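One structure below.
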Amino acid sequence: MRISVIGCGYLGAVHASAMAELGHDVIGIDVDARKIAALQAGRPPFYEPGLPEILKSATASGRLRFSTDIADAAGAEVHFVAVGTPQAADTSAADISYVDAAFRGLLPHLAEGSLIVGKSTVPVGTAARLAALLAAAAPQASLAWNPEFLREGFAVKDTLEPDRLVYGVSADDDGRAASVLDHVYRAAIEAGTPRIVTDYATSELVKAAANAFLATKISFINAMSEIADVTGADVTALADAIGHDVRIGRRFLNAGVGFGGGCLPKDIRAFTARAEELGRGDAVAFLKEVDTINLRQRQRVVDLAVAALGGSVHRKKIAVLGVTFKPESDDVRDSPALDVAVLLKGLGADVVATDPQGVENARERHPQLEYATAARDALAGAELVVLVTEWREYRSLDPADVGRLVASRRIIDGRNVLDPSVWRAAGWEYRGLGRP
Ligand code: UGA
């Protein structure tokens, strides 16, 4: 099929490349000329495992092109809208101005029978509003909403082999939107991927509910870790034990510095704001607590650092391992790791932060911090080590080797990924979150 993808960020660039990989003829559009130039040259503008390979092969095949001019989307049968919906500058609601702009931009270029497919995460009610706009301004085209569930770090796999497909379609759709999308996702459909065809509002809510549930799960276990801390219990063993109950499940029960990134934090805030607009704020008021618990984790790590250094971090060299919000990503948006580094710096510590992929993005946001690209440079002479992003490189550190680099053997495991007994046996003072 001829496909356009509007917005080439973490979502759109992967989606465009994956669609071309599946054999479609794809044009990716973005207003950022630098991003488009890099993509056109086969270079992803961010780190995502597997993306360079499919981007290169798809651009070389001629099935994938990029442009800054939305007029180049004309002629596509399907237009995916994959622009960002960040948190608004002055409220906790989502800023959907980029979605609106993409729509307005597409209107003059919609061919007869073409389908616009929203992928961006939007407040419930957005699709119905845009469908009404479309019916008035470009009745030859129609709209479906197809939320995206990809995880950064696994984005290529999640796009090529999604765990479910959700299509939100208009009440008067005669099955055409679903059949077009089935065609787009033929490989996944043939592989038996569950597919749910529903109305616009449900499809928008599926996305909000999924991220709200994941965030709640993480904050739940982090709340347990606070109770574990004051009782001497071990939150990791607790998570293992409750996780054996298949109704609960072990995944997303890792206590630590908490969730961050461009999705979970802003999505729960936007969901709360939208529910309040709808007069049902009470129904999701618990999400405010989920957010509060999550943000408290960052402070807990800072408090542990202060305690580990005897009450003050002032002028003490601290190696912060990790700045990205999770491993296998260079994304530092709302990153708990970077926040911890900034908070420690604010308390007067000599922070040296390091990360296998995130240093450049972190430096752009927080140039006041000192960075090292190699972990050993950050570790050299440190009086405290704080692990806040669980990159494999950090999980597999050897306590004896690291012990020879640092000035004092003190470590805070902000992701509960190290074996305390191994580190203690090597002479380290070890502290985790909710671990004795
Ligand atoms: C999340 C969802 O998992 C995706 O399904 C969704 O498509 C995406 O948001 C989105 O809305 O676009 P992502 O932001 O890539 O994906 O990251 P996650 O893997 O969900 O991790 C989010 C945060 O939770 C990370 O900071 C991670 O370190 C933290 N986390 C995760 C924990 O603190 N504990 C856990 O047990 C699991």
(Q) If you count only protein heavy atoms and use a 1.4 Å probe, how large is the accessible surface of residue 391, to the nearest 10 Å²? (A) 10 Å²
Q: Just the number, please: Stokes-Einstein D of the stretch 72-146 in µm²/s, Kirkwood Rh from C-alpha pairs, 37 °C, 0.692 mPa s.
A: 260 µm²/s
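Based on the Cβ-Cβ distance from residue 421 to residue 347, what FRET efficiency comes out when R0 is 41 Å, to the nearest 0.05?
Details: r = 30 Å, r/R0 = 0.74.
In this case the efficiency is close to 0.85.
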Q) Scattering from the C-alpha atoms of the stretch 1-105 alone, worked out with Debye: what is log10 I(q)/I(0) at q = 0.10, 0.13 1/Å? A) -0.26, -0.43
(Q) I want to check the label-to-label distance for residue 41 and residue 404. Put each point 7 Å from Cα in the C-beta direction and report it in nm to one decimal. (A) 4.1 nm
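Once R0 is set to 45 Å, what does the formula 1/(1 + (r/R0)^6) return for the Cβ-Cβ distance between residue 2 and residue 360, expressed as a FRET efficiency to the nearest 0.05?
On the way: r = 35 Å, r/R0 = 0.79.
The pair residue 2/residue 360 has a calculated efficiency of 0.80.
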Q: Could you pull the Cα extents of the stretch 234-436 along its three principal axes, largest to smallest, in whole Å?
A: 58, 41, 32
Q: May I ask you to evaluate 6.51 cos²θ - 1.76 cosθ + 1.60, the Karplus curve with θ = phi - 60°, for each residue of the stretch 385-402 and list the ³J(HN,Hα) values in order in whole Hz, giving x for glycine and proline?
A: 10, 10, 8, 10, 10, 8, 4, 4, 3, 7, 5, 9, 4, 9, x, 6, 4, 5
**Q.** Net charge, residue 317 excluded, C-beta distance under 13 Å - Lys, Arg +1, Asp, Glu -1
**A.** 0
Q: With springs only between Cα atoms under 10 Å apart, run a GNM on the chain and tell me which of 276, 328, 148 wobbles the most.
A: 276
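Please give the net charge around residue 354, taking every other residue with its beta carbon less than 11 angstrom from that of residue 354, where Lys and Arg add +1 and Asp and Glu add -1. Numbers along the way, then the final one.
Details: positive: 376; negative: 355, 370, 377, 393.
Spelling it out: positives minus negatives among the neighbours equals -3.
Work out the P(r) tail for the stretch 226-334: percent of alpha carbon pairs separated by more than 25 Å, whole number. Write down the numbers at each step before the final one.
Details: 2368 of 5886 pairs.
Result for the distance tail: 40 percent.
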**Q.** residue 286 paired with residue 104, simple spin-label distance in nm, labels 7 Å along Cα-to-beta-carbon
**A.** 4.0 nm
Q | Cα-based equivalent ellipsoid, the chain: semi-axes from gyration tensor eigenvalues, Å | A | 42, 24, 19
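Would you please report the Å³ per residue occupied by the convex hull of the alpha carbon atoms in the stretch 2-193?
Details: hull volume 22.3 nm³, N = 192.
Per-residue hull volume (Cα only) is 116 Å³.
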Q: Divide the volume of the convex hull of the Cα atoms of the stretch 347-436 by its number of residues and quote the answer in cubic angstrom per residue.
A: 101 Å³
**Q.** Shape metrics for the stretch 150-262, restricted to C-alpha atoms - Rg then Dmax, Å
**A.** 18.6, 60
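The values are calculated or read from the model by the stated rules, or taken from the named source; none is laboratory data. Note that the structure is predicted; figures quoted are calculated from it, not measured. A quick note on method: Cβ atoms are made from the backbone with ideal geometry, for glycine too, and the neighbour counts reach across all protein chains shown. Calculation scope for accessible area: heavy atoms of the full protein, side chains included, ligands and nucleic acids excluded. Shrake-Rupley method; radii C 1.70, N 1.55, O 1.52, S 1.80 Å.
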